[in-house]
Structure formats: C-alpha cells, structure tokens
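First up is the structure itself, then whatever we jot down about it.
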Amino acid sequence: MYVTGKQRLGVNIDHVATVRNARGSAWPDPLRAAILAEASGADGITAHLREDRRHIRDADMEALRAGIGIPLNFECAATDEMQAILLRLKPHAACLVPEKREERTTEGGLDVAGDEKRLAGFIAPLRAAGIRVSMFIGHQAAQIEASARIGAAVVELHTGHYSDLDAEGRAEEAAAELDALRRGAALAASLGLEVHAGHGLTYENVAPIAAIPEVRELNIGHFLIGEAIFRGLGPAIEEMRRRMDDARDPG
Ligand code: PXP
C-alpha cells in the first residue's frame, strides 16, 4: 500500500533504451535500470511503448512487467494495438498520451474533451481488467472534467510548458503556468481524480510542482537518466527524492 501523503516518484527509464538502441546492442538494459531505481527509492517505473518503438520495445515491457516489484506505469497512445498489449500484460497503470511520429517527445496533452466518446470506449476494457487509467493532459478545466466523466482514475498534468518557460528565464509566464497547474490539480482532486504531474522536471524546477498538495506522483525521466551519467542512477534518484520531500515539508 502507498503511504498516505507521501508523494511518489515514478522513474521513466525510456532513455536507457535510447542509449542501448543507438548501438543496436543489449546494453544498457532498461530492466537493470528499473531494478536499480527501485532499490534507490523509486515508487514506480514508467516506460513508453511508442508506435515506432524508438526506445522501449515490446520485450522490454514484458521484462519490466515480470521483473520489478513496484508498480509499472505503461505509457502509450490510445490505439487498438496498444490496447491489446495492455490487456495481455495487465500493468498496474496505463498512462494514455498523444503521439506524433515526428515529435522528439510528448509535446502536448491528450485532447480528452475532443475525443471523449472514443476514449471512454477505449478505457472501458482497461478499467474492467483492473488497470488504473491515467490521462496525460494539460491543466485546462475542459480536459480535466472530460477525464473525470469518462471514468479515468488519474490525470497526469503536463509540466513541459512550465519547465520550458522556467528554463528560458521567463519567470512571470512560468509563475502563471504554475498557478494554472495548481488550479488544475485542485479541480481534478475535487472531482475525485488522483493527480500526477510530469515532463521536463529537473532538480532546479521540481520544487514548486512537488509542493502542490494534490499532486500524489511525479514521473521523471530524461533529466534523471542524463544526471546518472555524472553521479550514477541511484544517487541521481536519491537527490530528486530529497528535493521532492524538502519541497513538501520545508521544515
Ligand atoms: N510523463 C509522461 C506522460 C511523459 O510522456 C514523459 C516523457 O516520456 C514523462 C512523464 C517524463 O518526462 P521527462 O522525460 O521529460 O522527465
């Protein structure tokens, strides 16, 4: 069971597979990274099986499903192919994201409001199979309300825009985006949704997001895998954990 009040850290290991695939070899192994992340305080592992399999592959998902002791958050697009894989593997959670082949990373949130009927039908068998369904969305009320209506258990709020504004030194706009994320988190929680957040989070920008009381989980990948080059994956995760805990309880 999860400890009440503790914010969970989900570690996204996609880019371990990116490095592996750069050489077409068997290493570094994403499962080994996931097991090390678990030993270093990660509360869950997130992996994104993209349509083009550019990093995580089907066999990685199978290995993660069988090989880790913490929840697996299976990130994917809402396609028939992915639905079939989800129903076969039955991970703890499925995080549905928009996907474009030409993008470098998940650029925006899912348009739940604009695709409500199809997504309601898409998630129904996943819910029936006991998979916690999470919608990766922006902070707009329409998207949050639509996610609640279709019966999603979780919304993950996209922090990429906040992260970009902060990195560009656009402090006022970053503050406004942060306020919008705070309002979105409060609205989602008031509708009974569990609130997660992620994308673009680093040691420098994580504190204000971690401090949002309704946010129960952060999913962080690219920065941690990069930082692991310098200090090792375990210490990189432990430092993020410390920063999250400090942000929630500065005293
Ligand atoms: N959450 C979701 C839904 C994502 O798509 C990603 C990126 O794969 C992340 C979290 C992690 O983002 P980052 O790799 O920038 O930390």
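The values are calculated or read from the model by the stated rules, or taken from the named source; none is laboratory data. Bear in mind the structure is a predicted one, so any value in this text is a computation, not a measurement. Here the Cβ is made from the backbone with ideal geometry for all residues, glycine too, and neighbour counts use every protein chain on show.
Please state which one of 54, 32 is within 15 Å of the ligand (Cβ to nearest atom) and either assigned to a strand (DSSP E or B) or not hydrophobic (A, V, I, L, M, F, W, C) (or both).
Numbers: 32 fails: within 15 Å of the ligand (Cβ to nearest atom).
Among 54, 32, only 54 is within 15 Å of the ligand (Cβ to nearest atom) and either assigned to a strand (DSSP E or B) or not hydrophobic (A, V, I, L, M, F, W, C) (or both).
Going through the range 16-49 one residue at a time, which ones are within 30 Å of residue 6 (Cα to Cα) and of a type outside the set (A, V, I, L, M)?
29, 30, 32, 38, 40, 41, 43, 44, 46, 48
Here is a list: 108, 67. Which entry is modelled with pLDDT of 95 or more and in contact with a helix residue (DSSP H, G or I) (Cβ under 9 Å, 6 or more places away or on another chain)?
None of the others qualify; the one that does is 67.
Which residues, taken from the range 1-22, are at pLDDT 95 or above and either assigned to a strand (DSSP E or B) or away from the ligand (no atom under 13 Å from the Cβ) (or both)?
Within the range 1-22, 7, 8, 9, 10, 11, 12, 19, 20, 21, 22 qualify.
Which numbered condition in (1) modelled with pLDDT under 95; (2) surrounded by 14 or more Cβ atoms within 10 Å (Cβ to Cβ) is the only one that residue 101 fails?
Failing condition for residue 101: (2).
With the requirement that a residue be at negative phi and either outside any helix (DSSP H, G or I) or more than 16 Å from the ligand (Cβ to nearest atom) (or both), what does the range 232-249 give you?
Those that are at negative phi and either outside any helix (DSSP H, G or I) or more than 16 Å from the ligand (Cβ to nearest atom) (or both): 234, 235, 238, 242, 245, 246, 247, 248, 249.
Only one of these conditions is not met by residue 133: (1) in contact with a helix residue (DSSP H, G or I) (Cβ under 7 Å, 6 or more places away or on another chain); (2) in a loop (DSSP other than H, G, I, E, B). Which number is it?
Failing condition for residue 133: (2).
What's the number of the only condition in (1) surrounded by fewer than 18 Cβ atoms within 10 Å (Cβ to Cβ); (2) assigned to a helix (DSSP H, G or I); (3) of a type in the set (D, E, K, R) that residue 60 fails to meet?
(1)
To keep it simple, each residue is scored yes or no on (1) in contact with a strand residue (DSSP E or B) (Cβ under 6 Å, 6 or more places away or on another chain); (2) crowded, with 21+ Cβ neighbours inside 10 Å; (3) touching a residue at least 60 places away in the same chain (Cβ under 8 Å); (4) of a type in the set (Val, Ile, Thr).
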position: 6; (1), (2), (3), (4): no, no, no, no
position: 10; (1), (2), (3), (4): yes, yes, yes, no
position: 21; (1), (2), (3), (4): no, no, no, no
position: 25; (1), (2), (3), (4): no, no, no, no
position: 46; (1), (2), (3), (4): yes, yes, yes, yes
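Of all the residues that make up the range 135-191, how many are in contact (Cβ under 8 Å) with a residue 40 or more places away in the chain, within 13 Å of the ligand (Cβ to nearest atom) and over 17 Å from the mean Cα position of the chain (by Cα)?
0
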